[in-house]
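Participant: Before anything else, here's the structure in question.
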């Protein structure tokens, strides 16, 4: 009954639940020593090549203290290691007379006054990873079958503890790697953002030097294209996601920049119907450049030339995929050859999205982009 109570106590230990391996090993050694009545219990773990036994911890019941034993090497104890690797429990009522312990007599048994001992394999996923030893130091002891079963249960609990600790360390290692990756990507995004800002500043400097209006317009178009990419990097830098952006926030910022560029007097009325959609960066940049091209053409060739100009932008995620609609109330595609400009860029970017793009007249020009 006392063995059952000990196993139950250890199996429900708070240290096992919380992963406090150091405290749980102390519980295993001390409580199993009390239950059996032996003076010493210690646990050993093989190295990766099974050539060394490292002592996890040793408990001396007489002194009521924990300590670390010296490391055992297979080159010094070849026969003992050979017996251990048979993966069987070693029961020794008279430890010093057992052939398997011959190499331990002078180096380990006599110095520690050990008369009787049991060595129980500690297994993990079918492999022997170590051994736990129960030792009597004051007199000989005849091991019972019940005691053998108890020591094997203790070895299983120790194995469970070690496996839990290994999984915890592996999980922490993966979390560290993920954190390092996140930090690295954020740093990369930050540097890209700074580099784009430098490019934007250089374009501004060059634009101020030109006197030709057409050249100035070309520089303005170039700045807006750069801004569409910079806005992606801004979201990546400031957001929680390192590889996705929020489409609604991105398109609103893009439209605001274009309106400030082409409509400083705030003549164009903007209507938006944009859902909150998280989009991968590889799709966000082509979407931004397409949106920039379409909206720029609307401002340049339609909205700034009519009364009561209006631009409507819609973005929905439906069963067809992500559908983006741009509509202005200008003269329409057929009445303005300017709408053909930039189509080569749009078609190339649409191919990157594996999507489709079309334009048609309906009380103005409608441009429709669909991708998944």
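The values are calculated or read from the model by the stated rules, or taken from the named source; none is laboratory data. On a predicted model such as this, the values are computed, not experimentally measured, just so you know. Every residue, glycine as well, gets a Cβ built from its backbone with ideal geometry; the counts of neighbours run over all protein chains shown.
Participant: Among 56, 16, which is in contact (Cβ under 8 Å) with a residue 24 or more places away in the chain, buried (at least 19 other Cβ atoms within 10 Å of the Cβ) and out of contact with any strand residue (DSSP E or B) (no Cβ under 7 Å at 6 or more places or on another chain)? Working first, answer last.
Facilitator: Numbers: 56 fails: out of contact with any strand residue (DSSP E or B) (no Cβ under 7 Å at 6 or more places or on another chain).
None of the others qualify; the one that does is 16.
Yes or no, residue by residue, for (1) farther than 27 Å from residue 14 by Cβ; (2) surrounded by fewer than 19 Cβ atoms within 10 Å (Cβ to Cβ); (3) assigned by TED's automatic domain parsing to the domain that holds residue 120; (4) modelled with pLDDT under 90:
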| site | (1), (2), (3), (4) |
| --- | --- |
| 43 | no, no, yes, no |
| 52 | yes, yes, yes, no |
| 63 | no, yes, yes, no |
| 66 | no, yes, yes, no |
| 85 | yes, yes, yes, yes |
| 94 | yes, yes, yes, no |
| 97 | yes, yes, yes, no |
| 101 | yes, no, yes, yes |
